Each structure stands twice: as structure tokens, then as C-alpha cells.
Amino acid sequence: MQRKVNGSPSWPVVWSEATLLDQFKREKDSLVYLTHESSRVLRQLSEDEVYIVGGIVDRNRIRGGTAGKAKELGLQTARLELSEETLRFTSGTTVLTVNHVVEILLEAANGAAWRDAVTKILPARKGVIDTSEK
């Protein structure tokens with residue numbers, strides 16, 4: 001089944017009626033659920049991993065929803081490298097929209113450094129400052 005996702009016609013989205021674990025039976029060990037609550041920091045993408053971008057708004061709707069879902073499914077988790085050594089948020093939150101996460105991942109998959117992808121994609125209102133030495 002194919003559907004359009006508003007504002008994101010260039011995303012590599014494949015819609016399926018199958019559950020996540022049915023869709024990726026053979027790859028279960030390579031599935032990584034992205035959640036801002038993870039202790040694992042994703043510093044670079046791996047071709048050996050399949051990244052899951054959740055649609056649950058943890059901060060405002062269901063705290064811990066994405067991390068809880070990953071635990072329930074027995075999947076590993078990771079979070080994007082935000083608010084670490086190279087980036088600082090001066091306003092707003094480091095919890096991102098699905099759109100921003102996908103766009104940052106696409107930039108990184110196309111060779112951009114994390115800090116460059118983040119500063120390019122996130123709006124100015126987030127107040128992201130690159131604190132690294134270039």
C-alpha cells in the first residue's frame with residue numbers, strides 16, 4: 001500500500017500492513033528504535049542497522065512510549081547525537097519531530113556530519129549552536 005506523507009514526498013517510505021517484526025523477521029537483531037530516552041548515542045549510521053523512527057510524541061503525549069514499545073518488542077534503542085560535545089540547544093527541546101529526525105537521517109546517510117545535518121535541518125527557533133572546532 002502506498003500513501004503520500006504530507007510535506008515529505010521525497011522520503012523513502014514504504015507502507016505495509018505487516019507488523020514491524022513481521023516485516024523484518026530476519027533483521028530483528030539489526031532493528032534500532034530511535035528514542036530520545038536511549039542511553040546509546042548514535043554517532044554514525046550503519047548499513048547493518050535498520051532505524052525505526054517512532055511517531056509517538058513522548059514528551060507531551062505518552063512519556064516513555066517509544067522506549068517502552070522498543071522494550072516490549074525486544075529491540076535495541078539509540079538517540080541522535082544532540083546536546084553532546086558538538087551541539088548546544090539554547091532554546092526549545094532536544095525532542096524532535098518525526099520530520100526533523102527523518103531529514104537529519106537522510107542528510108547523514110548522504111554523507112553530512114551529524115552537526116552539519118542537525119544545524120541545516122532544525123529551525124532557528126531551536127537555537128542550535130555548533131560548539132565544535134571545525
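The values are calculated or read from the model by the stated rules, or taken from the named source; none is laboratory data. Since the model is a prediction, treat every value here as computed from it, not as a measurement. With ideal geometry, Cβ positions are generated from the backbone for all residues, glycine too; neighbour counts draw on all protein chains shown.
Overview of results
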| quantity | calculated |
| --- | --- |
| Pair list, Cβ < 7 Å and 6+ apart or interchain, from the stretch 75-94 residues that are modelled with pLDDT of 85 or more to residues that are hydroxyl-bearing (Ser, Thr, Tyr) and loosely packed, with under 14 Cβ neighbours inside 10 Å | none |
| First in the stretch 111-134 and touching a residue at least 40 places away in the same chain (Cβ under 8 Å), second anywhere and hydroxyl-bearing (Ser, Thr, Tyr) and surrounded by 12 or more Cβ atoms within 10 Å (Cβ to Cβ), Cβ under 8 Å, 6 or more apart | 114/86; 128/119; 130/86; 130/119; 131/86; 132/86 |
| Residues that are farther than 18 Å from residue 53 by Cα and modelled with pLDDT of 85 or more, drawn from the stretch 111-134 | 111, 112, 113, 116, 120 |
| Exclusive hit being closer than 23 Å to residue 120 by Cβ, assigned to a loop (DSSP other than H, G, I, E, B) and at pLDDT 75 or above, set 47, 37 | 47 |
| Output for the stretch 51-65, where each listed residue is more than 18 Å from residue 103 (Cβ to Cβ) and either outside any loop (DSSP other than H, G, I, E, B) or at pLDDT 90 or above (or both) | 65 |
| Total residues in the stretch 1-33, condition closer than 17 Å to residue 69 by Cα and either in contact with an Asp or Glu (Cβ under 6 Å, 6 or more places away or on another chain) or modelled with pLDDT under 60 (or both) | 2 |
